[in-house]
Amino acid sequence: MKKNSLRIIGILLVLTVVITAFSSCTNPFKAEVKIPDEVTLKTDLHDPSYTFTYGELKTVLPLEKLAPLFENYEEKNPDTEITLSYNEIVTRFSADVMKDDGKALEGIWSLATDEEMKATTANKNEVIDYFNKIVNSLKTDKPAKTEYGEDFWTDDSTDSVTFTRNGKEIDKSTDEYKALRSAAVVYKKYVVDGAYNFLLGHIKDENGETKNLAEGNDSLDDILYLWGEKDVSRLTYDDVESAISSVKKETTTVEEKEYVTSLTRTVVITLKPDENAVKKAFSIHDKKPVLEEMKKASDYFTVEDYEITPGVCVITAVFDAATDEITTLTYQNNMTVNTEITGTNNFASVGTVGLSFNCTDQMYYHFGWHTSEGE
């Protein structure tokens, strides 16, 4: 009996040792859990954010647009909350996306609190300082790769084209206006062609080939605004109508814990419609190539000069908010061209009339900061 007791005690001791050994080791049958690298915000600009409930958004959004916002929520009740950045709201629910004349966007903003709306523009000066500091380092702290391109187009809507004779606007319903508008189509073609001729001449390499890529130690002085200058931006607080920064975060959940894996900051700067303000951030095309192109239309009309009136000019910059590296930079310069055209040959009876129309010049840059992106 004594022997049996000792044997049982021995077996229990062995089992205890084995269990202890296994409990202190990694289970060989359990897959190793990979914890993602978490990132944090490098610069806090006190970016605005907006918190809404499912019940609130249900009153202003259709179900097919509402559901994706809450797809990560197992339960959705009227009090379930979601927080969105400014950029998420305007890109997801703009009038162009929703095709609703801005009804959804207006509805969402009506749900934001007074404090949230005040915070939207409260950090304007901080945002401008942040933008200036980073973009003005681009020409010295060169990215591994800079891709760039430009688009130029005219507004073809009837409302955009205005003719005047002796200082008075010509009625758009008259036959005279319709005939002049045909001439305007030809004129605008030469404006666009002239703008592109300047662009192509500006970005040709030493072999005369058009390029849209700079790498390594290539100079960015004549590629980045401001062309030929050491600065990219000289904007002051007084030059800017609004400067809004928003941060979007991407997360992943591992073993019920959420990790932030990406932080993207979008800065949207809207300039005041003032020529001096625009010239502190935009490089303006030389008139000469445009006017040279106009000479090709001399069988129809002649043009001596033209003037530009600035409209809504917007700069959009996207940053990796964990490193403050800029990834894309887009300039959209909306303007009105004002000129006088004089009919020639078969159009001589037109005489001299004033012409104005809207057009847009857009410059785009993409920056790659790692060596692999420059290969």
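Straight-line cross-link reach from Lys272 at under 14 Å between alpha-carbon atoms covers these aspartates and glutamates, not counting any fewer than eight positions away in the same chain: Asp238, Asp239, Glu241.
At a 1.4 Å probe radius, carbon and sulfur cover how many percent of the accessible area of region 221-345?
45 percent
Other residues lying with their Cβ under 10 Å from the Cβ of Tyr364 contribute a combined charge of -3, Lys and Arg counting +1, Asp and Glu -1.
According to the square roots a ≥ b ≥ c of the eigenvalues of the Cα gyration tensor, what is the shape class of region 54-164, taking rounded for a/c under 1.5, prolate for a/b larger than b/c otherwise, and oblate for the remainder?
oblate
The string of couplings for region 33-49 from the Karplus curve (6.51, -1.76, 1.60, θ = phi - 60°) is 8, 8, 8, x, 6, 8, 10, 10, 5, 7, 10, 8, 9, 6, 4, x, 9 Hz, one whole number per residue in order, with x for Gly and Pro. A straight Cα-to-Cα reach below 17 Å connects Lys42 with the aspartates and glutamates Glu126, Asp129, Glu250, Asp320, Asp324, Glu325, residues fewer than 8 places away in its own chain not being considered. Each Lys or Arg adds one and each Asp or Glu takes one away; over the other residues whose Cβ falls under 14 Å from the Cβ of Val350, this sums to -1. Straight-line reach from Lys34: taking Cα to Cα under 24 Å and skipping same-chain neighbours fewer than 8 places apart, the lysines in range are Lys248, Lys249, Lys257. Heavy-atom accessible area with a 1.4 Å probe sorts Arg265, Arg92, Arg165, largest first, into Arg92, Arg165, Arg265.
In region 309-375, what is the volume of the convex hull around the alpha carbon atoms, normalised per residue and reported in Å³?
With only Cα atoms used, region 309-375 gives 103 Å³ per residue.
Below 9 angstrom from the Cβ of Asn136, what's the summed charge of the other residues (Lys, Arg +1; Asp, Glu -1)? Cβ neighbours under 9 Å give a net charge of +3. Computed over region 253-375, relative contact order equals 24 percent, with contacts defined as Cα pairs under 8 Å that lie 6+ residues apart.
The values are calculated or read from the model by the stated rules, or taken from the named source; none is laboratory data. Keep in mind that what you see is a predicted model, and the values were worked out from it rather than measured. Note that we place each Cβ from the backbone using ideal geometry, even for glycine, and neighbour counts take in every protein chain shown. The accessibility values were calculated without ligands, DNA or RNA, using every heavy atom of the protein model including side chains. Shrake-Rupley method; radii C 1.70, N 1.55, O 1.52, S 1.80 Å.
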